[in-house]
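Written below as structure tokens is the structure these notes are about.
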Amino acid sequence: MASNSSTVRSSAHQNPSSSGYATWQQRAWFTGGCAAVTITLARSVILTAAGAGASDSWWPWILLVGAAVAGYVASDFSSGIYHWAIDNYGSAATPFFGSQVAGFLGHHHRPAEIVGEPIASNLEIPSSYATVAGIPINILCGGNAAALGFMGAYAAASMFGQHFHMWAHTPKGRLPAAVVALQDAGILLGRADHAAHHRPPFDCNYCIVSGLCNRVLERWRFFPALEAAVFAAVGVRPRSWSDPSLVINGKNN
């Protein structure tokens, strides 16, 4: 429903505090995204309740919770894939993704600028994807409660992942106690986990929803293997192999 290609929007890394408010368009997309996610999750719960009532069993609820957890984990994983790709490939001149590439690299050097951006402007792009994809996803999932639960959780995590990312840059004393507790529990992206990514050459801990997948992917050297495969296939080196501080100007290296 919502693509992780928008987990980190470029403007969030430039100067979010310059305006301090969201535009009507950003608020409209955010409202639409919230509505799409809410409808999807509500349908999954209603269908599950109907199925559980008909069978007098807890199994439909167990299946729904499992699907939602899987969707949340899948969102964390896909956020890492996209974050890795944008950090390492393309340039400011890349069609469609250029501004996001520039924004990601700028964020490496000005990480604090993301803190305090209004939620509607911070989440505009993932909200727009959730809004547009909401109807077709609900049609394709039909009456499958587990599929709706998976997609609803995936969309919600993908949509709000950039806000979780912002919280990882926010001083602990400025966060609600519940957010800190969720970070410490590993349910939301933790400050220490994400801080490791912000050390040159910015080549680890790419997942930014919960950061849960970072432990597995780093242990198995997933991204170095992926970089080697890309280099072998097309001869393109990732930025982390050379100068990750480079502010790109149309060339990868």
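The values are calculated or read from the model by the stated rules, or taken from the named source; none is laboratory data. A quick note: this is a predicted structure, and the numbers were derived from the prediction, not measured. For neighbour counting, all protein chains shown are included, and Cβ atoms are generated from backbone atoms with ideal geometry for every residue, glycine included. These area figures cover heavy atoms from the full protein model, side chains too; ligands, DNA and RNA do not enter into them. Shrake-Rupley method; radii C 1.70, N 1.55, O 1.52, S 1.80 Å.
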Original post:
If you scan the stretch 89-119, which residues turn out to be part of a loop (DSSP other than H, G, I, E, B), among the β-branched types (Val, Ile, Thr) and within 13 Å of His169 (Cα to Cα)?
Top reply: Val115
**OP:** Test Gly149 against the criterion of being under 19 Å from the mean Cα position of the chain (by Cα), open to solvent by 40 Å² or more (accessible area, probe 1.4 Å) and touching a residue at least 60 places away in the same chain (Cβ under 8 Å), and give yes or no.
**Re:** no
**OP:** Within the stretch 1-47, track down each residue that is surrounded by 15 or more Cβ atoms within 10 Å (Cβ to Cβ), part of a helix (DSSP H, G or I) and at pLDDT below 95.
**Re:** Asn4, Ser5, Ser6, Ser10, Ser11, Ala12, His13, Pro16
Original post:
Would you say Ser75 is among the polar types (S, T, N, Q) and at pLDDT below 95?
Top reply: no
Original post:
Of everything in the stretch 48-72 that's among the aromatic types (Phe, Trp, Tyr) and at pLDDT 95 or above, which residue is nearest to the chain's Cα centre (by Cα)?
Top reply: Tyr72
Original post:
Do you know which residues across the stretch 215-242 are of a type in the set (A, V, I, L, M, F, W, C), within 18 Å of His197 (Cβ to Cβ) and in contact (Cβ under 8 Å) with a residue 12 or more places away in the chain?
Top reply: Leu217, Phe223, Leu226, Trp241
**OP:** Test Leu188 against the criterion of being at pLDDT 95 or above and farther than 17 Å from Ala85 by Cα, and give yes or no.
**Re:** yes
Original post:
Scanning for something in contact (Cβ under 8 Å) with a residue 24 or more places away in the chain, out of contact with any Lys or Arg (no Cβ under 8 Å at 6 or more places or on another chain), open to solvent by 40 Å² or more (accessible area, probe 1.4 Å) and assigned to a helix (DSSP H, G or I), does the stretch 177-192 turn up at least one residue?
Top reply: no
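To keep it simple, each residue is scored yes or no on (1) within 28 Å of Ala35 (Cα to Cα); (2) surrounded by 23 or more Cβ atoms within 10 Å (Cβ to Cβ); (3) among the aromatic types (Phe, Trp, Tyr); (4) out of contact with any strand residue (DSSP E or B) (no Cβ under 9 Å at 6 or more places or on another chain).
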| residue | (1), (2), (3), (4) |
| --- | --- |
| Phe77 | yes, no, yes, yes |
| Ala92 | no, no, no, yes |
| Arg110 | no, no, no, yes |
| Ser158 | yes, yes, no, yes |
Original post:
(1) over 22 Å from Phe77 (Cβ atoms); (2) open to solvent by 20 Å² or more (accessible area, probe 1.4 Å); (3) among the hydroxyl-bearing types (Ser, Thr, Tyr): which one isn't true of Tyr154, the others all being true?
Top reply: (1)
**OP:** From Val73, Val69, grab the single residue that is hydrophobic (A, V, I, L, M, F, W, C), within 29 Å of Arg221 (Cβ to Cβ) and in contact with a Leu (Cβ under 7 Å, 6 or more places away or on another chain).
**Re:** Val73
